Amino acid sequence: MPLINWRDDFEIGIEEIDHEHQELITLINEAHSALQAGADMPSVAAFFGEIYARISAHFALEESVMRRLRYAQTEAHKAEHEELLDGIRDIMDGYERGDYAQYQELLATHLETWFTDHFKNQDARLHRFIHDHEHI
């Protein structure tokens, strides 16, 4: 069973961002499945390294689009991105120290909650802005 199910309301109306959202959800669900199936920690760590790298690149794309559109909420949106990346990095650092339990926390608490809340709030506002101003 996937941790996060794709919903149309996750779309913001920019094809490459929407595509990356879908890819990130797929990757998170694969990591969740690997944990549920008892994957070894090096495999799980590789998943989380990939998630971190792809989320970082995705945020850079989103922030570039927001700056180009002169989106008024860019700084607040960016701050939320930085907070999530800091949280993921803290958990990855914990893993390197031997705290394996934090990976389940990263999936179940940080990523799942962040994705659904961030989409409902920050990304939904960005979607409305794009739709209302028809910049794209």
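Neighbour counts of other Cβ atoms within 10 Å put Trp6, Trp114 in the fewest-to-most order Trp6, Trp114.
Here the range 16-63 is assigned +1 on the Cβ of each Lys and Arg and -1 on the Cβ of each Asp and Glu. Its dipole about the Cα centre then comes out at about 260 debye.
Net charge dipole, the chain: roughly 200 debye, given to the nearest 20, about the Cα centre with Cβ charges of +1 for Lys and Arg and -1 for Asp and Glu. Gain on full extension, evaluated as 0.36 nm per residue between Glu16 and Asn121 minus their Cα-Cα distance, stands at 35.8 nm. Mean residue ellipticity at 222 nm, helices only, the chain: -23000 deg cm²/dmol; runs of at least 4 DSSP H residues each add -39,500 (n - 2.57), and the sum is divided by the number of residues. A cut-off under 12 angstrom between Cβ atoms defines the neighbours of Arg7, and their net charge, with Lys, Arg +1 and Asp, Glu -1, is -4.
Each of Leu27, Phe48, Val65 was placed along the dipole of the range 1-99 (beta-carbon charges, centred on the mean Cα), and the one lying farthest toward the positive end is Val65. With neighbour counts taken as other beta-carbon atoms within 10 Å, the residues Thr116, Thr74 rank, fewest first, as Thr116, Thr74. With angles folded into 0 to 90 degrees, how steeply does helix 15-36 sit against the dominant principal axis of the chain? Use alpha carbons for both and round to 10. It works out to around 20 degrees. Once the Cα-Cα distance is subtracted from the 0.36 nm per residue extended length, the Asp86 to Ser64 segment shows a gain of 5.9 nm. Seen from Ala31, the other residues with C-beta closer than 12 Å to its C-beta sum to a net charge of -2, counting Lys and Arg as +1 and Asp and Glu as -1.
Coupling constants for the range 84-90 follow from the phi torsions by the Karplus curve (6.51 cos²θ - 1.76 cosθ + 1.60, θ = phi - 60°), and in residue order they are 5, 4, 4, x, 5, 4, 4 Hz; glycine and proline get x.
Coordinate-derived values only; no laboratory data. Values in this document were obtained by computation on a predicted structure and should not be read as measured data. Note that we place each Cβ from the backbone using ideal geometry, even for glycine, and neighbour counts take in every protein chain shown.
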